[in-house]
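The values are calculated or read from the model by the stated rules, or taken from the named source; none is laboratory data. What you see is a predicted model, and the numbers here were worked out from it, not measured in a lab. Glycine also receives a Cβ, built like all others from the backbone with ideal geometry; neighbour counts cover every protein chain displayed. Note: accessible area is taken over every heavy atom of the protein model, side chains too, but ligands, DNA and RNA are not part of it. Shrake-Rupley method; radii C 1.70, N 1.55, O 1.52, S 1.80 Å.
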2 protein chains.
Amino acid sequence: MGRQPSGNGARRGRRPATSRAELERVAFDLFSTRGFDATTIDDIAAAANIGRRTFFRYFDSKNDVVWGNFTEQLESMRSRFAECPPEQPLMEAIRDVVVDFNRFDPAVVPWHRRRMELILRVPALQAHSTLRYADWRTVVAEFVARRLGVDSDALEPRAISHATLGVCIAAYEHWLIHPEAELGDVLHRMLTELASGFGARV
Amino acid sequence: MGRQPSGNGARRGRRPATSRAELERVAFDLFSTRGFDATTIDDIAAAANIGRRTFFRYFDSKNDVVWGNFTEQLESMRSRFAECPPEQPLMEAIRDVVVDFNRFDPAVVPWHRRRMELILRVPALQAHSTLRYADWRTVVAEFVARRLGVDSDALEPRAISHATLGVCIAAYEHWLIHPEAELGDVLHRMLTELASGFGARV
DNA sequence: ATGATCGTGACACCGAATGCCACGGGAAAG
DNA sequence: CTTTCCCGTGGCATTCGGTGTCACGATCAT
């Protein structure tokens, strides 16, 4: 909205009318009141004072709105993996990075909860999220592959990344149902169980 | 097509113009030649000599075509779980049932491969399949819950079912890339690794 | 024949998504 | 200041998936 100092200059044409973050806020408001499915893109565009066509220049689809800047965050997870000491056991390293990756400033936790409620409870988003999860798994698989000295699309790295993701989703679902639970604790617990093959169980 | 003996009678109105299985065959043919995305429902309906509206009386969506009669198959997996001897370790029981569930008559294996290629490689189907996977996981989670004496939507059953599914998908992806591999073997191997927490790895 | 039953398919409609293109705001070059 | 170029905007048309409505037609029971 307010004209930025444009970083170090070199801005040429017309200024963007809004931003991804702004659109996200507007859209989330509508999702909260009407629900995701009942909110049309026309609604979002109207509420943000942009044309419907312009919406699709900020997000590829309505589904993508709820994922914010996930791609950039993944990059930070990737570098976080790179910092893992080589002597740390594999599943332990994964556990620590994942728990770390899901640590949030308390101020944004309510927002994150709303985001995850949408992703994990709205069928259309449950479905679409699979495509985003793939990127997440790739980051994990790359790390595992490096550790095992195999290709990142080999069987083991893929299996481990799939299993890790599954456990994380279960932890998130639990966290949504039990707001009093600490997300990091739940993740830590279940990832530890995964590393033991759920061995404490019969 | 040929009029059936209608079981034991008591058929009333007009006879169905086709069947789910027939539509599946017609659709798969088109998917093979044009690809999934480039095949419209009008194409399928025209090829099957039915109206577009009628298509939606056989399948809820275009995506659902590739899943055939999955729901009924799930029922058989559920009863297969019920037959597990109580003394068998949990993860071992899951492994055996899942491997068993994915055993197919050699004659239908090529068909099954085409089906899974679609499900695991076409983005639209990757996304949609998440919703079907949920039913699959429920069956596993119910079994785990019974064994652990907890509710079937508790954390552990959900985590284990999620992790199991993940490993199975990885195994399937591997099987698609390596046609010479035996699906049952790959599944067995990875589910065993899961049960050990991928422990043989560093 | 008559009536109840049930699948069919035409029609209209909605919403997501995409291609096309003219418009307009804004910076740099003259 | 004017021209030039850049680039985001947004209107329009189109395609396609999916849904509600309703008249029609085929079939069986009486």
#### Entry: Relative contact order of segment A:20-65, defined on C-alpha pairs under 8 angstrom at six or more residues apart (%)
39
### Task
Highest first, please rank the peptides A:83-91, B:87-95 by the mean number of other Cβ atoms sitting within 10 Å of their residues.
B:87-95, A:83-91
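Would you work out the relative contact order for segment B:69-195, in percent, from Cα pairs under 8 angstrom that are 6 or more residues apart? Don't skip to the end; give the middle numbers.
Numbers: 92 pairs, mean separation 36.4, N = 127.
Result for segment B:69-195 is 29 percent.
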### Query
For the protein assembly as shown, with only Lys/Arg (+1) and Asp/Glu (-1) charged at the beta-carbon, what is the dipole magnitude about the Cα centre, in debye rounded to 20?
1820
### Whole-percent pair-distance distribution, where bins are 5 Å wide, for the alpha carbons of segment A:20-65
5, 26, 41, 23, 5
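First measure r as the distance between the Cβ atoms of A:Arg57 and A:Arg114, then evaluate 1/(1 + (r/R0)^6) with R0 = 25 Å and state the FRET efficiency to the nearest 0.05. Mind showing how you got there, number by number?
Working: r = 25 Å, r/R0 = 0.99.
E(calc), rounded to 0.05, equals 0.50.
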### Rounded to whole Hz, the Karplus (6.51, -1.76, 1.60) HN-Hα couplings of segment B:145-162, x for glycine and proline
4, 4, 5, 8, x, 10, 6, 6, 10, 6, 4, 4, x, 5, 5, 5, 5, 4
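Return the loop-located GluC sites (Glu not before Pro) in segment A:127-202 (DSSP other than H, G, I, E, B) with at most 11 other Cβ atoms within 10 Å of their own Cβ; answer none if there are none.
A:Glu180, A:Glu182
Residues of A:58-71, mean number of Cβ from any other protein chain within 10 Å of their own Cβ, rounded to a whole number?
0
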## Note on the structure
One decimal, nm, nearest first: from B:Glu75 to the same residue in each other copy, label points 7 Å out along Cα→Cβ, the values are 5.2
### Task
Would you work out the charge dipole size for segment B:20-65 about its Cα centre, treating the Cβ of every Lys and Arg as +1 and the Cβ of every Asp and Glu as -1, and quote it to the nearest 20 debye?
140
### Message
Am I reading the B/A interface right? What is its buried accessible area, both sides, 1.4 Å probe, to the nearest 100 Å²?
### Response
2900
### Label 7 Å beyond Cα on the Cβ vector: B:Arg113 copy-to-copy distances, nm
5.0
### Query
So what is the relative contact order for segment B:135-178, in percent, with contacts set as C-alpha pairs under 8 Å and at least six apart?
34
### Message
With only alpha-carbon atoms in the gyration tensor, what are the semi-axes of the equivalent ellipsoid for segment A:117-202, in Å, largest first?
### Response
24, 19, 10
#### Entry: In segment A:129-202, chymotrypsin sites (Phe, Trp or Tyr not before Pro) in a DSSP loop with at most 10 other beta-carbon atoms within 10 Å
none
### Query
Scaled to the compact-protein estimate 2.2 N^0.38 Å, what is the alpha-carbon radius of gyration of chain B, rounded to two decimal places?
1.18
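Using a Förster radius of 35 Å, what is the FRET efficiency between B:Ala82 and A:Asp153 based on their Cβ-Cβ separation? Nearest 0.05, please.
Numbers: r = 37 Å, r/R0 = 1.06.
The calculated FRET efficiency here is 0.40.
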### Query
So what's the Cα pair-distance distribution over the protein assembly as shown, bin width 20 Å, in %?
23, 52, 23, 2, 0
